Amino acid sequence: DAGVIQSPRHEVTEMGQEVTLRCKPISGHNSLFWYRQTMMRGLELLIYFNNNVPIDDSGMPEDRFSAKMPNASFSTLKIQPSEPRDSAVYFCASSLSGGAGVYEQYFGPGTRLTVT
Amino acid sequence: GQNIDQPTEMTATEGAIVQINCTYQTSGFNGLFWYQQHAGEAPTFLSYNVLDGLEEKGRFSSFLSRSKGYSYLLLKELQMKDSASYLCAVRDRHHTGGGNKLTFGTGTQLKVEL
């Protein structure tokens, strides 16, 4: 299995530009998570989907952030317009869910975003 | 909601044993996870506890006390490659809509020295 795939791996953009991050979860997983990690705040959950439906977006910082999951094998996180404080590593993770079980989350390699 | 606390940094010697503690407060509990994250890499799953007691997996063990809101990760026979950040995460029991939401602590940076 290829694991969780994220693209791009690195993104450098100027303030005000739109940024789109992409994620392909592990085949068969029905939960998908978007996290942001910074030195100051650690690993924060932004939003998660279950069976392609957004369940909890309480971690999305503001309206500049949006996420979609049009099908079971693809999700995007969009920032428009981007700001320097959005600079962070963004991780996508996927897992199975439902009923009792461990259901550990598998993380993608992350996208390192720098907004200048 | 969740509140998770773990030490920021720890240092230990190669070959020794180290214990990394995690305390949590939660409105609902459905399991505690430990993840390892090397610098510049993604977190990877280490262990899971949902019942009280010790779970052993090779050189790594994890302990849980639900009544005390306490867990620890025990690393034995430390190796240089164990230098990494160790993240404690709690799964919320009272979550509607299904899914598998985790709240992560800020991580403990472990440095293994010769």
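The values are calculated or read from the model by the stated rules, or taken from the named source; none is laboratory data. Just so it is clear, the structure is predicted and the values come from calculations on it, not from any experiment. Here Cβ is always computed from backbone atoms with ideal geometry, including for glycine, and neighbour counts include all displayed protein chains.
Assorted remarks:
- Within region A:18-27, the residues that satisfy the criterion of being surrounded by fewer than 21 Cβ atoms within 10 Å (Cβ to Cβ), farther than 14 Å from A:Thr111 by Cα and touching a strand residue (DSSP E or B) at 6+ places or on another chain (Cβ under 9 Å) are A:Glu18, A:Ile26.
- Considering B:Gly40, B:Gly28, the condition of being within 21 Å of B:Asn100 (Cα to Cα), over 15 Å from the mean Cα position of the chain (by Cα) and not hydroxyl-bearing (Ser, Thr, Tyr) is satisfied by B:Gly28 alone.
- Filtered residue count, region B:1-16, keeping only those that are surrounded by fewer than 18 Cβ atoms within 10 Å (Cβ to Cβ), in contact with a strand residue (DSSP E or B) (Cβ under 7 Å, 6 or more places away or on another chain) and assigned to a loop (DSSP other than H, G, I, E, B): 3
- All positions within region A:13-57 that are facing chain B (nearest Cβ under 10 Å), free of Cβ contacts under 8 Å to residues at least 60 places away in the same chain and among the polar types (S, T, N, Q): A:Asn50, A:Asn51
- Flag for A:Tyr35 being at pLDDT 95 or above, in contact with a His (Cβ under 9 Å, 6 or more places away or on another chain), surrounded by 15 or more Cβ atoms within 10 Å (Cβ to Cβ) and not charged (D, E, K, R): no
- Residues satisfying the stated conditions in region B:65-88, i.e. in contact with a Gly (Cβ under 7 Å, 6 or more places away or on another chain) and buried (at least 18 other Cβ atoms within 10 Å of the Cβ): B:Leu78, B:Ser85, B:Tyr86, B:Leu87, B:Cys88
- Residue match in region A:65-76 (condition: more than 15 Å from A:Gly108 (Cβ to Cβ), among the polar types (S, T, N, Q) and part of a loop (DSSP other than H, G, I, E, B)): no
- Qualifying residue in region A:94-112 (condition: among the charged types (D, E, K, R), touching a Ser or Thr at 6+ places or on another chain (Cβ under 7 Å) and within 11 Å of chain B (Cβ to nearest Cβ)): yes
- Strands (runs of 3 or more DSSP E) (entirely within region B:33-89) containing at least 1 residues that are among the charged types (D, E, K, R): B:53-57
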